[in-house]
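Have a look at the structure below before the remarks.
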Amino acid sequence: MKSDASFIEHPWDAVYDENSRILILGTIPSPKSREFGFFYGHPQNIFWRIVPEILGKEAPDRNARSMRAFLLDNRIALWDVLKSCEIKGASDAAIKNAVPNDFSGLLRTADIQKIFTTGKTATRLFNKHRAKDAGMEAVYLPSTSPANRGMFKKAEFMEEWGKITRYL
């Protein structure tokens, strides 16, 4: 039986600097994000609406340069748990042969107080493969993916995501 899975290698480096206080990790960029050229680039993904709203800031312009500056200005590091994997489309449930990223350089440079993961798969993979090396487990946040949004009422969703402000 033929698999429709594709081998994906993460296309970007992590976004962080020495002032970063939290690290937010997804699983691996979706096809739409890879096409866009930056994290959470699917036009229906609500990451770039939710985070500014929680922080009481204006959303960045929809380009990688503005988004990167927004993250660094707000002491947020952003990356993904996986360096590579086989995946069908954007379905985390279809991930096979996952290879996690190495977070040691990021964690040596940045003053990360808490690691958050977007979605259950990212949380499970980070906590299984990298929590021990990082010295902390990741805190689950509901995914901002268009496939997940209907599962959360806005108040509950915002309450969960509001946890990030405690460490900034």
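The values are calculated or read from the model by the stated rules, or taken from the named source; none is laboratory data. Being a predicted model, the structure only gives us computed values, none of them experimental. Cβ: placed from backbone, ideal geometry, glycine included. Neighbour counts: every protein chain shown.
Selection within the range 9-46: residues that are among the polar types (S, T, N, Q) and buried (at least 16 other Cβ atoms within 10 Å of the Cβ). The member of this set that is nearest to residue 130 (Cα to Cα) is 27. With respect to residue 9, determine if the residue is more than 16 Å from the chain's Cα centre (by Cα) and not hydroxyl-bearing (Ser, Thr, Tyr). Spelling it out, it is not the case that residue 9 is more than 16 Å from the chain's Cα centre (by Cα) and not hydroxyl-bearing (Ser, Thr, Tyr).
When 121, 117, 109 are checked against the criterion of being of a type in the set (S, T, N, Q) and more than 20 Å from residue 30 (Cβ to Cβ), 109 stands alone in meeting it.
For the range 76-85, the condition holds for at least one residue, the condition being that it is within 25 Å of residue 146 (Cα to Cα), touching a Ser or Thr at 6+ places or on another chain (Cβ under 8 Å), charged (D, E, K, R) and at pLDDT 95 or above. Taking the conditions (1) in contact with a helix residue (DSSP H, G or I) (Cβ under 7 Å, 6 or more places away or on another chain); (2) closer than 18 Å to residue 9 by Cβ; (3) modelled with pLDDT of 95 or more in turn, residue 92 satisfies each one other than (3). For the range 130-154: of the residues being surrounded by fewer than 17 Cβ atoms within 10 Å (Cβ to Cβ) and within 20 Å of residue 13 (Cα to Cα), which is farthest from the chain's Cα centre (by Cα)? That would be 133. Among the residues of the range 80-139, those identified as closer than 25 Å to residue 162 by Cα, in contact with a Pro (Cβ under 8 Å, 6 or more places away or on another chain) and touching a residue at least 60 places away in the same chain (Cβ under 8 Å) are 80, 82, 118, 119, 125, 126. No other residue among 165, 123, 118 is of a type outside the set (D, E, K, R), at pLDDT 95 or above and either exposed (fewer than 15 other Cβ atoms within 10 Å of the Cβ) or more than 25 Å from residue 5 (Cβ to Cβ) (or both) apart from 165.
Would you say residue 69 is crowded, with 16+ Cβ neighbours inside 10 Å, more than 14 Å from the chain's Cα centre (by Cα), outside any loop (DSSP other than H, G, I, E, B) and at negative phi? Taking the combined requirement at face value, the residue does not satisfy it.
In the set 50, 76, 54, 46, which member is touching a residue at least 24 places away in the same chain (Cβ under 8 Å), β-branched (Val, Ile, Thr) and touching a strand residue (DSSP E or B) at 6+ places or on another chain (Cβ under 9 Å)? Exactly one residue qualifies, and that residue is 76. I need every pair where a residue in the range 154-168 that is among the β-branched types (Val, Ile, Thr) has its Cβ under 9 Å from the Cβ of a residue that is part of a helix (DSSP H, G or I) and modelled with pLDDT of 95 or more, sequence separation at least 6 or different chains. Between residues of the range 154-168 that are among the β-branched types (Val, Ile, Thr) and residues that are part of a helix (DSSP H, G or I) and modelled with pLDDT of 95 or more, the close pairs are 164/51; 164/54; 164/55; 165/54; 165/55.
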